[in-house]
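The values are calculated or read from the model by the stated rules, or taken from the named source; none is laboratory data. The shown structure was predicted, so the numbers you read here are calculated from the model rather than taken from an experiment. Positions of Cβ are backbone-derived with ideal geometry, glycine not excepted, and every protein chain shown enters the neighbour counts. Each accessible area value is taken on the protein alone, full model and side chains, heavy atoms only, with ligands, DNA and RNA left out. Shrake-Rupley method; radii C 1.70, N 1.55, O 1.52, S 1.80 Å.
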Amino acid sequence: MWQKVTKEIAVWRAGAMPGIAVIFLVFLARAIGGLEFLELTALDSFLRWRSPEPVDDKILIVGINEQDINNLAKYPISDRELANLITTLESYNPVVIGIDLVRDKPQEPGSAELEKVFSQQKNVIGVEKVLSNPNNSRINLIKSPHVLPAEQIGFVDILLDQDGNSRRSLLTMVNNNELKFSLPIRLVEQYLATKNISLKNAPDDPETMQVGQVELTRVNPQTGGYIRTNAEGNQVLLNFRRGENPFRIVSLEDMKQGKVQPAWIKDRIVLIGITALSVRDDVNTNAVRSNNTGFIYGVEFHAHAVSQIISAVLDDRPLLWIWHDGAEYLWIFAWGFLGIGLARLLNESPWKLAMVIFLSSVLVALVCYLLLLEYGLWLPVVSSVLVLFLNGLGLTASMFYRDRQNLKFQLKERQYMIKYMASTIHNRPIQTLKKILREAYSKELAEDWLIKELNILNEELREIGNLIEKETIIDGNSIHIGKSEVDLQCPLTEILYQVYSNTIRLDYPNFKTIKFKINNFEDSINGIKLTVEQKRSLCRFLEEAIINVGKYAEGVTRLKVVCLQKDQQNMIRVEDNGIGLDSNKNSGGGTKQANDLAKQLRGEFKRYPREPKGTICELSWSGNKGWFWHF
Amino acid sequence: MNTINKVTKILVIDDHDAVINGTVNAIYSKYADANIIKAKTTEEAWEKLNSFPDRDVVVTDLSLPEKPGNKPQPETGIKLLRTIMKKYPSLNLVVQSADARALIRLRPQINEHEGGFTVADKSEPIDQMLTKLEWSLQGINFTPKEMRTGLELKEEWNDLLELAFNKSLTDKEIAKKMSIAERTVRNYWTKIQDALEVYPEDDKNLRLQTEKQAREIGLID
């Protein structure tokens, strides 16, 4: 059990590091704002996809539309028209009327009438704009109607994100040392007062506003997907009311002709504003399904802001909220980790993994969507899907790569085996056959002898048959040396000893003269850093070195093979006392491969004469475990 | 020291009831008061050995299952031997096997093992196994021919032959010269004798036999 755990840890240590690096890269991208746009876009899409809610009948919008402007043949509408509209509305007893129309200067005729209405009605809220930006005509200062007292004024400034869309609603702002309230807050305040619910400061944070039991959580610069956003004033995320017709909208003409039911107005909030494209009062948003793709009218925007607070207090409709930063990063980490885990679990089948990664990415998105839909929780969906996808996909890709590498090596193995089998057939059964044929031609064929030779031939052919049969079950973790396979997952000492043992049993002329072998295979040689392919190459190196003795070291009587670690150096050395390197052509095969291997291991390959005679062939490389293994 | 009737403590590992009983009965016939515990899987064997680490010798099959119900395989037995030799480097071992070639890969570790290590051919009569058991208890090494390719020696063993036969040093002096324990020198001797295929026979002097063999082959001049 413990061994299993240790092994698993080792696998994770090697395999999971890139995955964890990916997670932290995504963290970094998120922290510097690289994912802000995507997260906000995702939020818009999620909000838009939700199924429609019923019309919020606590709010009536009187929208002055294109038709109304044509009828009046004048814009802005005169003070008299507005005064008449307010008086008509008041006759139906609304709770409060918000006038989202600029009235900083008199619009004759009728300014006296409007002033009179304003000074008589305590439930009329006028508007102002308190922010200004000389570079942007849409952010300009607008004074409030001078006859209204301060508590009947609300500002209508709208905050835009960098992409030009609005997702936040301002509640209050400090301007010139004066605390200002927004139009929606003024409306909410008056409306809820009739239900005996008041606005106060949250007990745990005096800056946060609390309405009834509902806290209006402030947006801070890092809220949700936002990175260092402009978080001035007291602002909340806007959970737009869903559906194409979230509010009842009537026109000025409808009002004049009495096409409005009294019940739509009595005890309701009325918002008067512009719903005509020719007068620019609109807000960009992709979070709402509207008749006008990509934007809604300013008056609608304020209606959304009012509606979300009242519905939260009276109907328990969720407001948008977010987790703490730490929890969000943990959430992203968890999905990234799942990606790694899946890759580890399904590391045998890249296709299955790709499928599962795709499905779980969809699952993350779905979970995020449902949490937003049901509880108003805004989670970093893009970052989560990204880490899961990258990790899964990255590992999938590396697996495909490994698969292909394995195939390549298997192919090489096959070629090696075919060569080996061909030479075995040539050296043994064909030699036996030749012998029999020679005897047959000379007509001196003795029956006993023939039977004996045929038996030998039978044995030899059988052996080759077995070899071919075994060849069909080769996998990527073993190597053919001589007549049998060596498992590359054994300890390196064992692997190398088997290579030696298998190779020395082969039929090479000089092996026959060896009287004894000195071999020191010690556990100190470590293969912990080596890949399967490097181990494979080491095996081939040792095999080649020993075969070279068999082929070229004429007169050898003593073979010494050493595989050990000394002074932090791993070393494989084959030493013979044969005829030695007397000419270049007999220097033996595999020199190029040996040099390549040495380069790859950042080690050294040498082949040099031994005193008094013979050859030494030596490969050494660092046995340091490397910094990574010190963790 | 009381050398009479010292109880021999043995762990016998085999997955077949018949074989394990045969082995145990044979052992009792020679060591009547032996203390024998049995294990049928490598997992059980490892647990029992760790609970009773005072065993004098472990007699084990090579083809074993890891857990009850698993298929017995030589790889599993190899793995067990590898772990035992690592943790108990001086424990005496007897491996029962029909085909000892699977043990080749353990050669480097067997060469380092300080306890006795003998291989008993399963197809041989049971008294052969008892001989191997006796040898193992004496710290002797015996590995069959098919585990070797001719004469294979470690460099240190070769040095030992030189010091013993050409310089005529005693074990004690050899130990000093090679900076190893005297016990290790004795261990080397049995490894050399295994390599040279010199095994205890009733009327022969082992050291002389060893020297004769070594000179014949040309290990020493």
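The table that follows gives values for the structure above.
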read-out	value
10 Å Cβ neighbours from other chains, averaged over peptide A:485-492	2
Rounded percent of accessible protein surface that carbon and sulfur make up, chain A, 1.4 Å probe	56 percent
For segment B:142-175, residues shielded by at least 30 square angstrom of accessible area compared with the chain on its own, probe 1.4 Å	B:Thr149, B:Leu151, B:Glu152, B:Leu153, B:Lys154, B:Glu155, B:Asn158
For segment A:53-315: rounded, prolate or oblate by the Cα gyration tensor [a/c cutoff 1.5]	rounded
Spatial separation of Cα centroids for segment A:537-575 and segment A:367-395, in angstrom	57 Å
Accessible area of A:Ile468 in the full protein assembly, 1.4 Å probe (Å², nearest 10)	80 Å²
Amide H contacts under 5 Å for A:Thr208, placed H, 5+ residues apart	A:Ala202
Extension reserve of the A:Ser45-A:Lys256 stretch, reckoned as 0.36 nm per residue once the Cα distance is removed	72.1 nm
Theoretical ellipticity at 222 nm over chain B - DSSP helices of four or more residues, -39500 (n - 2.57) apiece, nearest 500	-13000 deg cm²/dmol
Sulfur and carbon atoms: percent of accessible area, segment B:155-217 [1.4 Å]	45 percent
Taking chain A and dividing mean pair separation by its residue count, relative contact order in percent (alpha carbons under 8 Å, at least six apart)	12 percent
Using alpha-carbon coordinates, inclination of helix A:447-471 to the longest axis of chain A, degrees	20 degrees
Per-q log10 I(q)/I(0), chain A, q = 0.12 Å⁻¹ (Debye; single scatterer per alpha-carbon; no solvent)	-1.18
Contact order relative to length of segment B:155-217, as percent, for alpha carbon pairs under 8 angstrom and 6 or more apart	24 percent
Lysines with Cα under 21 Å of A:Lys58, excluding same-chain neighbours fewer than 8 positions away	A:Lys122, A:Lys195, A:Lys259, A:Lys266
Packing-based order for A:376-386, A:47-57, B:181-191, using average beta carbon neighbours within 10 Å, highest first	A:376-386, B:181-191, A:47-57
Accessible area that becomes buried as A packs against B, both chains, 1.4 Å probe, Å², nearest 100	1900 Å²
Bridge type composition, the protein assembly as shown - antiparallel percent by DSSP, nearest 5	45 percent
Anchor A:Lys443: lysines whose Cα lies under 26 Å away (excluding residues fewer than 8 positions away in-chain)	A:Lys434, A:Lys435, A:Lys452
Label-point separation in nm, B:Val19 to A:Leu277, each point 7 Å along Cα→Cβ	9.0 nm
23 Å Cα-Cα threshold exceeded, pairs from A:Lys408/A:Lys535; B:Lys191/B:Lys212; A:Lys560/B:Lys122; A:Lys4/B:Lys87; B:Lys48/B:Lys86	A:Lys560/B:Lys122
Distance from segment A:151-178 to segment B:188-205 (C-alpha centre basis), Å	99 Å
Part-to-part distance (alpha-carbon centres) for segment A:39-65 and segment B:66-145, which is given in Å	79 Å
Accessible area expressed per residue, segment B:9-147, with surrounding protein chains retained (probe 1.4 Å, Å²)	42 Å²
Whole-number accessible area per residue in Å² for chain A, which is evaluated in the context of all protein chains at 1.4 Å	50 Å²
Using distinct alpha-carbon pairs, which all enter the 1/r mean, Kirkwood radius of segment A:79-197 in Å	15.4 Å
Built amide H within the under 5 Å cut-off of A:Ile525, gap 5+	A:Gln565
Exercise: per-residue mean of other protein chain Cβ atoms within 10 Å, B:106-112	6
Largest-first ellipsoid semi-axes for segment B:9-147, taking √(5λ) over the Cα gyration tensor eigenvalues, angstrom	18, 18, 16
Rounded FRET efficiency, nearest 0.05, which uses the C-beta distance separating A:Leu330 from A:Glu53 and R0 of 35 Å	0.65
In sequence order, calculated HN-Hα J values of segment B:95-107 (Karplus, 6.51, -1.76, 1.60; Hz; x Gly/Pro)	9, 9, 7, 8, 9, 6, 5, 4, 7, 3, 5, 7, 3
Estimated [θ] at 222 nm from DSSP helical runs (n ≥ 4, -39500 (n - 2.57)) normalised by residues in chain A, nearest 500	-15000 deg cm²/dmol
